[in-house]
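Derivation of every value follows stated rules applied to the coordinates shown; laboratory data play no part. Because the structure is predicted, anything quoted here is derived from the model rather than measured. Glycine also receives a Cβ, built like all others from the backbone with ideal geometry; neighbour counts cover every protein chain displayed.
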Amino acid sequence: MTILDKTPVTLAEVKERVKDFEEKQVLKDYLKKFTKLSKPKTEELIKEVQALNNIKFREENIIKIADFLPKTREELNKILTEVSLSEEETNAVLAVTGKY
């Protein structure tokens, strides 16, 4: 098997993609347990985080923010291990995730 493309996707998107595969029940159970938002809400959150125009955020970071919905500075720092955010940047992200 050859990997042609590597694109990060949210848990909500994975849930949407595997919903018709009966043999993937373990994966469906996992996604049901850990997916916090619907796909449309996740896409909305991603757009809001992208609108912050922070060059420190890579696509992978934004996807993880959408998946985990950090509510505190500590939770956000666990996601963004390779990036150091100022208090203002942290508060901006937490303001977005706090709406969801």
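In whole angstrom, the chain maps to an equivalent ellipsoid with semi-axes of 26, 15, 12, each derived as √(5λ) from the alpha carbon gyration tensor and ordered largest first. Put simply, when 31-38, 3-10, 56-63 are sorted by average Cβ atoms within 10 angstrom per residue, most first, you get 56-63, 31-38, 3-10.
Given R₀ = 22 Å, what would the calculated FRET efficiency be for residue 51 paired with residue 17, taking r from the Cβ atoms and rounding to 0.05? The pair residue 51/residue 17 has a calculated efficiency of 0.30. For residue 28, the lysines whose Cα comes closer than 25 Å to its Cα, not counting residues fewer than 8 places off in the same chain, are 6, 15, 19, 36, 39, 41, 64. Cβ-Cβ distance of residue 95 and residue 9, R₀ of 30 Å, FRET efficiency by 1/(1 + (r/R0)^6): the value works out to about 0.75. Using the Cβ of residue 30 as centre and a radius below 10 Å, the other residues enclosed give a net charge of +4, where K and R count +1 and D and E count -1. Compared with the direct C-alpha span, the chain from residue 77 to residue 30 gains 14.5 nm at full extension, assuming 0.36 nm per residue.
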